[in-house]
Structures are given as structure tokens and as C-alpha cells.
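Beneath this line is the structure, given in C-alpha cells, with notes to follow.
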Amino acid sequence: MSFNRNLLPDPVTYFENQSLKLKGPPSAKWKTTTCNFHDGSDSMRINVASGAWKCMNCGEGGGDVLAYEMKFHGTEFVDAAKAIGCWLDDGRAPASVKPTPLS
């Protein structure tokens with residue numbers, strides 16, 4: 001059993017599945033959204049390439065979608081990795097590895 005970083009979901013898809021609306025120009029590397037940690041409007045920035053996130057108001061932040069999953073849902077590393085499909089049991093990925101991207 002192990003973690004596979006290559007199976008992390010696409011950041012845009014992941015954060016949209018968390019009911020966050022990403023705002024900004026289509027070509028922007030960092031998008032703006034609400035912060036669910038302090039219910040702040042348009043204070044969180046999300047890097048759409050790496051999944052890094054940082055609230056400019058309350059200071060919460062992390063380096064990828066796994067860090068967000070752990071912090072927001074209050075789960076430990078393994079449970080969070082399993083929830084987003086990047087934890088391998090017996091060398092095999094779970095049946096549903098990545099969520100379907102939204103159009």
C-alpha cells in the first residue's frame with residue numbers, strides 16, 4: 001500500500017468538486033475563490049497547475065489538493081489520499097481514480 005502523487009486529481013476539477021467557483025482569466029495560473037476556512041469572499045488563491053492554495057486573509061494554505069483534502073475535511077494523510085484516489089492498495093489504484101472533469 002502506498003501513495004502515488006501521479007494519481008492526484010486535476011486541481012481545477014478537484015476544487016470545483018469542492019463547490020468552489022474559480023474566477024480569473026482563462027490563462028491565469030492563479031485563480032480566486034472563496035475561503036471555506038473563514039467564509040471569506042474572494043480571498044483564496046488557487047494555483048491551477050500545482051493545486052497549491054493560500055488564503056490571503058486567514059493564512060490557511062497548502063501545496064496541493066491532498067493538503068486541502070486533509071485540512072478541509074479533517075482527515076489524516078492515508079484517509080485523504082484514499083478519498084481522492086491516489087492511494088494504492090496492493091499495487092492497484094482504486095476503481096474510480098479521478099473524477100470526471102466538468103465542462
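In this structure the chain gives 57 Å² per residue of accessible area when probed at 1.4 Å with all protein chains present.
Near D64, the amide H atoms lying under 5 Å from its own belong to W53; only residues 5 or more places off or on other chains count, and H is placed 1.01 Å from N.
Summing +1 for each Lys or Arg and -1 for each Asp or Glu among the other residues whose beta-carbon sits under 12 angstrom from that of K82 gives -4. When the pairs K23/K54; K21/K82; K21/K54; K31/K54 are compared against a 19 Å limit on Cα-Cα distance, K21/K82 fall above it. For the stretch 60-73, 3J(HN,Hα) computed residue by residue from phi via the Karplus equation (6.51, -1.76, 1.60; θ = phi - 60°) reads 4, x, x, x, 6, 5, 5, 4, 5, 4, 5, 5, 5, 9 Hz, glycine and proline entered as x.
The values are calculated or read from the model by the stated rules, or taken from the named source; none is laboratory data. Please read all numbers here as calculations on a predicted model, not as lab measurements. Neighbour counts run over all protein chains shown; Cβ positions are idealised from the backbone, glycine included. Note: accessible area is taken over every heavy atom of the protein model, side chains too, but ligands, DNA and RNA are not part of it. Shrake-Rupley method; radii C 1.70, N 1.55, O 1.52, S 1.80 Å.
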